[in-house]
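Notes to accompany the following structure.
The values are calculated or read from the model by the stated rules, or taken from the named source; none is laboratory data. Keep in mind it's a predicted model, so treat the numbers as computed, not measured. All Cβ positions, glycine included, derive from the backbone under ideal geometry; neighbour counts span all protein chains shown. Accessible surface is based on the protein model in full, side chains and every heavy atom, while ligands, DNA and RNA are left aside. Shrake-Rupley method; radii C 1.70, N 1.55, O 1.52, S 1.80 Å.
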Amino acid sequence: MEFTINKEYLSQAVSDVSKAVSARTTLPILSGIKMAADYNRLTLTGSNAEIVIERVLHSDVQGESMMAVHKTGSIVVSAKYLNDLIKKLPGDLLVKVGENHSVSIQSEDIVVSLKGFHAGEFPRLTMSQPEASHQLPGTVLADMIKRTMFAVSKNGARPVLTGVHFVFDQNFFCSTATDSLRLATYKRNIGASLTGSFIVPQPALNEFLKLMGSYTGEVTLKLTESYIEFSTDVFSFYSRLIAGKYPNTASLIPNEFKTVITLQASDFLKGIDRAALFAGEWKNNNVNLTLLEGKKLGISSRSMESGTIHEIQNINSLEGEEELSISLDGKFLTEALRGIKDEEIKISFSGSMKPVLIESVSDSPYQHLISPVRAY
């Protein structure tokens with residue numbers, strides 16, 4: 001294998017696929033990046049056996065020559081050394097594979113030799129024929145992940161709760177995450193004709209969002225029984241799915257409430273954020289909400305060491321019972337509120353010891369259900 005390539009072009013691709021490479025692995029070859037050169041393209045692949053990232057580099061990009069393949073072939077090179085080395089070299093690169101899987105990288109008058117692995121030893125991802133696929137804007141997919149992923153469980157006792165549950169149902173696409181104490185769910189009408197559901201691990205989605213960056217193009221989702229592929233015109237990302245049946249979270253959302261209020265989202269978030277400063281010493285980050293006379297909401301918290309905070313905010317509207325005092329996890333509240341894009345939110349209460357439903361007034365398919373915590 002032999003090719004010349006623009007330094008920055010290769011450096012960005014190596015950085016991208018390195019996100020899938022684990023520094024701690026029992027298989028030494030998985031510490032490397034596979035490079036496979038065809039006559040007009042170079043494919044880079046990184047994997048940790050759970051996720052796979054693939055970047056395809058082409059000879060020409062928008063009419064500019066970025067690479068030229070002189071001999072085809074493939075090799076696996078240490079991701080760490082390759083990533084760090086390319087950044088420190090001065091200019092375009094000439095890469096050659098020699099005997100005993102050695103890799104020569106030349107930049108101007110600098111020549112570096114690295115030990116490589118036989119590419120045939122690199123694990124292959126066995127993707128069967130996709131059972132379903134759908135294309136949607138990358139911005140929509142990233143938004144659905146960000147609005148729900150924070151609510152996944154950090155406890156591995158129930159593996160299905162450590163991932164985000166995606167559901168295609170007629171024309172709708174829904175993402176859901178829960179840790180049993182809170183529930184975040186977001187539904188979008190995307191005009192999909194397929195049906196089905198799958199659970200994607202949170203760490204994989206986190207890496208996928210990093211890879212997406214500012215990408216705004218289309219993303220194609222391809223599903224098999226055990227894998228999902230997110231593919232774009234820039235990269236492909238593969239992840240194992242979590243096996244198991246996700247709980248019926250839709251049945252957890254109450255249909256009737258004792259009290260429903262609406263208020264300004266940004267003001268409420270700022271108030272909760274301030275109160276949370278005094279809630280950190282409590283196990284559940286207790287922040288108290290109390291309905292007051294004259295359509296007012298009291299937000300308070302206290303710290304045995306630092307002091308107390310109490311503020312009053314206006315309520316835009318109130319329906320139902322006018323007496324309520326409830327304690328919620330301030331961290332859960334702030335994470336839920338940061339996902340709401342609307343100026344006004346609706347909060348529905350069923351009682352002081354029943355879960356609270358938080359919704360955007362104009363964006364009703366976006367919902368958060370948060371369980372109360374015991375008062376001080």
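Given a 1.4 Å probe and every protein chain left where it sits, what share in percent of the accessible area of the stretch 7-81 is carbon and sulfur?
C and S atoms contribute 47 percent here.
Based on the Kirkwood radius over alpha-carbon pairs, what is the Stokes-Einstein translational diffusion coefficient of the stretch 106-203 at 37 °C with 0.692 mPa s viscosity, in µm²/s?
It comes out at roughly 199 µm²/s.
Just to confirm a number: summing +1 for Lys and Arg and -1 for Asp and Glu over residues other than residue 174 whose beta-carbon lies under 10 angstrom from that of residue 174, what do you get?
Taking every Cβ under 10 Å from that of residue 174, the sum is +1.
Taking the Cα centre of each part, how many Å lie between the stretch 224-301 and the stretch 36-88?
40 Å
Suppose all protein chains stay in the model; what accessible area per residue would a 1.4 Å probe give for the chain, in Å²?
Ligands and nucleic acids excluded, the figure is 50 Å² per residue.
With a/c under 1.5 counting as rounded, go ahead and sort the stretch 49-151 into rounded, prolate or oblate using the C-alpha gyration tensor (a ≥ b ≥ c being the square roots of the eigenvalues; past the cut-off, prolate if a/b is larger than b/c, else oblate). Spell out each step's value before the answer.
Details: a/c = 2.04, a/b = 1.70, b/c = 1.20.
Since a/c reaches 1.5 and a/b is larger than b/c, the shape of the stretch 49-151 is classed as prolate.
Sort 114, 292, 357 by heavy-atom solvent-accessible area, probe 1.4 angstrom, most to least.
Ranked from most to least accessible, the order is 292, 114, 357.
State the volume of the convex hull built on the alpha-carbon positions of the chain, expressed per residue in Å³ and rounded to an integer.
So the per-residue Cα hull volume is 177 Å³.
Over the residues of the stretch 17-93, compute the C-alpha Rg and express it relative to 2.2 N^0.38 Å.
Scaled against compact globular proteins, the figure is 1.17.
Rounded, prolate or oblate for the stretch 137-176? Axes are the square roots of the Cα gyration tensor eigenvalues, ordered a ≥ b ≥ c, and the cut-off for rounded is a/c under 1.5.
Cα axes put the stretch 137-176 in the oblate bin.
State whether the stretch 318-376 is rounded, prolate or oblate according to the following rule on the C-alpha gyration tensor (a ≥ b ≥ c being the square roots of its eigenvalues): a/c under 1.5 gives rounded; otherwise a/b larger than b/c gives prolate, and the remaining case gives oblate. Intermediate results must be reported in sequence, preceding the final value.
On the way: a/c = 2.29, a/b = 1.33, b/c = 1.72.
It comes out oblate by the Cα gyration axes.
Roughly to the nearest percent, how much of the accessible area of the stretch 242-359 is carbon and sulfur, given a 1.4 Å probe? Walk me through the intermediate numbers first.
Values: 2960 of 6340 Å².
The value for the stretch 242-359 is 47 percent carbon and sulfur by accessible area.
Need the full-extension length gain, residue 101 to residue 7, defined as separation in residues times 0.36 nm minus the C-alpha distance. One decimal, nm.
The residue 101-residue 7 span can extend by a further 31.6 nm.
With axes computed from alpha carbons, what is the tilt in degrees of helix 7-18 against the longest principal axis of the chain, rounded to the nearest 10 within 0 to 90?
Between helix and principal axis, roughly 60 degrees.
Is there a quick way to get the dipole size of the chain? I mean about its Cα centre, with the Cβ of Lys and Arg at +1 and of Asp and Glu at -1; what is the value in debye to the nearest 20?
Working: 37 positive and 41 negative charges, 182 e Å.
The dipole of the chain has a size of about 880 debye.
In whole Å, largest first, what are the principal axis extents of the Cα atoms in the stretch 78-128?
Extents along the principal axes: 45, 24, 16 Å.
Take every Cα pair under 8 Å in the chain that's 6+ residues apart, average their separations, divide by the length, and report that relative contact order as a whole percent.
Relative contact order of the chain: 12 percent.
Please compute the net charge surrounding residue 242, taking Lys and Arg as +1 and Asp and Glu as -1 over other residues with Cβ under 13 Å from its Cβ.
Taking every other residue near residue 242 into account, the sum is +1.
Quick one: Kirkwood hydrodynamic radius for the stretch 1-56, alpha-carbon pairs, angstrom, one decimal?
Kirkwood hydrodynamic radius for the stretch 1-56: 11.8 Å.
Return the single residue from 320, 63, 271 with maximal mean-square fluctuation; model: Gaussian network over the chain, springs between Cα atoms under 10 Å.
Comparing 320, 63, 271 in a Gaussian network model of the chain, the most mobile one is 63.
Quick one: net charge around residue 161, please, counting Lys, Arg +1 and Asp, Glu -1 for every other residue with C-beta under 12 Å from its C-beta.
+3
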